[in-house]
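A short write-up of the structure that comes next.
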Amino acid sequence: MDTSRADDIRRAWRAAHLSPLWESPNAHKPPPGPREAHQWRWSELRPLLELAFEETSPAAVERRVLQLMSPHSKSDADEFTAGNVLAAIQCLLPGETARPHRHTMNALRFMLEGSGAVTIVDGKPCPMEFGDLILTPGWCWHQHRHDGSEPVLWLDVLDVPLHAYLGTVVFEPGPIATMPHTVEDAAFSSPNIVPEAIGSTREHSPVFRYPYADAVRALAHAPLSADGTRRVRYANPLTGAGAMPLLDSTMLQIDEGPATLPTRTNANVVCAVVEGHGESWIGSRHITWGPRDIFTLPQRNWVSHRSLGGAARLFAVSDRDVLRRLGLLSEEIQRSDA
Ligand code: GTQ
Ligand code: FE2
């Protein structure tokens, strides 16, 4: 075997931007085992968020946001929390505002602490109270304002990692030149009846605010899922599809009782505890959690939850709809007789 001849051939291929598949380290190789879950305990997070009030203001930096970085992030530029989901905490003091802008990324806010803030989405004011979900879908103008008397903190979730990969990040600062037409949320507040005169061709929900009380009421009547949880999904009332195209939002309730049956999916999930205490088994990890704790369910881990007294509720955002639309979603449940 003439090794120098073989080396010459490979050098020639490399120079011509060619690569032999039979020597590829990637060819048909499954990814390594599932990534380990990560938890941000509110008791540890809260004092660190307090430092952001001391450190800066929206007047100086537009958005006072601390991103929840996966321990697997390769650098500060590699911004993701789990898979295609980026979560962060945004903090606003009374009297502060964040100016209007819009971007191609879909975003949502889930209220964790404080009250009196408002997000204005394409001109519609959305009050933000504990447990409320506010959508700021891609390319909708949005701004925040806080007229209350105590700090507010909310969870931001965006589909940034997917846009970064696809090269589709576009950002436009205000001022708002022409405000898009919207229909007030109240037009959709009669169950099962929707207005007909909607010319929207947009894929996201025409409703921007999903109050916590509505989710709790839906959960109270939701049947048990096969794994033993109760789950509701934040939907677009016009289509029944998810409220936003690339971020799937659900709330799950874990009643007091035995642990839920283990489930496994190739979707990536970020959970925020809304109410109650519990424990979860996520792959080889076991965690305990309480209100406002945030934790990840990285894809391909077997996951089971148990309430530690009373009904516990988790807000869960995932990239599941991305995978479903691409025909790649897998969801399994461990059979109890297995
Ligand atoms: O509040 O508009 O966490 O544009 C990241 C980007 C929040 C926002 C984030 C944003 C916002
Ligand atoms: Fe934004």
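The values are calculated or read from the model by the stated rules, or taken from the named source; none is laboratory data. Remember, predicted model here, so these are calculated numbers, not experimental data. Cβ: placed from backbone, ideal geometry, glycine included. Neighbour counts: every protein chain shown. For the accessible areas, the whole protein counts, side chains as well, though only heavy atoms, and no ligand, DNA or RNA atoms are used. Shrake-Rupley method; radii C 1.70, N 1.55, O 1.52, S 1.80 Å.
Restrict the check to region 51-62 and report whether at least one residue is more than 15 Å from ligand 1 (Cβ to nearest atom) and in contact (Cβ under 8 Å) with a residue 40 or more places away in the chain. Yes. Scanning region 124-144 for residues that are part of a strand (DSSP E or B) and more than 13 Å from ligand 2 (Cβ to nearest atom) yields Lys124, Pro125, Cys126, Pro127, Met128, Leu133.
In region 92-115, the residue that is nearest to ligand 2 (Cβ to nearest atom) out of those that are in a loop (DSSP other than H, G, I, E, B) and over 20 Å from the mean Cα position of the chain (by Cα) is Glu96.
If you filter region 128-160 down to residues that are within 15 Å of Ile89 (Cα to Cα) and aromatic (Phe, Trp, Tyr), you find that the one that is most open to solvent (accessible area, probe 1.4 Å) is Phe130.
Of a type in the set (D, E, K, R), free of Cβ contacts under 8 Å to residues at least 40 places away in the same chain and farther than 30 Å from Ser57 by Cβ, is that true of Glu184?
Details: of a type in the set (D, E, K, R): yes; free of Cβ contacts under 8 Å to residues at least 40 places away in the same chain: no; farther than 30 Å from Ser57 by Cβ: yes.
It is false that Glu184 is of a type in the set (D, E, K, R), free of Cβ contacts under 8 Å to residues at least 40 places away in the same chain and farther than 30 Å from Ser57 by Cβ.
Looking at region 294-312, which of its residues are under 24 Å from Asn84 (Cβ atoms), open to solvent by 10 Å² or more (accessible area, probe 1.4 Å), of a type outside the set (S, T, N, Q) and touching a Lys or Arg at 6+ places or on another chain (Cβ under 9 Å)? Pro298, Arg300, Trp302, Val303, listed by residue number. When Val232 is tested against (1) farther than 24 Å from Ser307 by Cα; (2) touching a helix residue (DSSP H, G or I) at 6+ places or on another chain (Cβ under 8 Å); (3) open to solvent by less than 40 Å² (accessible area, probe 1.4 Å), just one condition goes unmet, and that condition is (1).
A residue that is open to solvent by less than 10 Å² (accessible area, probe 1.4 Å), more than 19 Å from Trp42 (Cβ to Cβ), within 12 Å of ligand 1 (Cβ to nearest atom) and touching a Cys at 6+ places or on another chain (Cβ under 8 Å) can be found somewhere in region 105-120. Of all residue pairs spaced 6 or more apart or on separate chains, those with beta-carbon atoms under 8 Å, a first member in region 145-161 that is assigned to a helix (DSSP H, G or I) and a second member that is more than 13 Å from ligand 2 (Cβ to nearest atom) are Val160/Glu79; Val160/Phe80; Pro161/Glu79; Pro161/Phe80; Pro161/Gly83; Pro161/Asn84; Pro161/Val85. Scan region 166-173 and give yes if some residue there is under 19 Å from the mean Cα position of the chain (by Cα), open to solvent by less than 80 Å² (accessible area, probe 1.4 Å), over 19 Å from Asp321 (Cα atoms) and within 15 Å of ligand 1 (Cβ to nearest atom), otherwise no. No, every residue in region 166-173 fails to be under 19 Å from the mean Cα position of the chain (by Cα), open to solvent by less than 80 Å² (accessible area, probe 1.4 Å), over 19 Å from Asp321 (Cα atoms) and within 15 Å of ligand 1 (Cβ to nearest atom).
Just one of the listed residues (Leu112, Leu86, Leu108) is in contact (Cβ under 8 Å) with a residue 60 or more places away in the chain and closer than 27 Å to His181 by Cα, namely Leu108.
Looking across region 74-97, the residues that are over 21 Å from Leu246 (Cα atoms) and among the hydroxyl-bearing types (Ser, Thr, Tyr) come down to Ser75, Thr97. Is at least one residue of region 319-333 under 20 Å from Gln39 (Cβ atoms), buried (at least 22 other Cβ atoms within 10 Å of the Cβ), within 19 Å of the chain's Cα centre (by Cα) and in contact (Cβ under 8 Å) with a residue 12 or more places away in the chain? The answer is yes; a qualifying residue exists.
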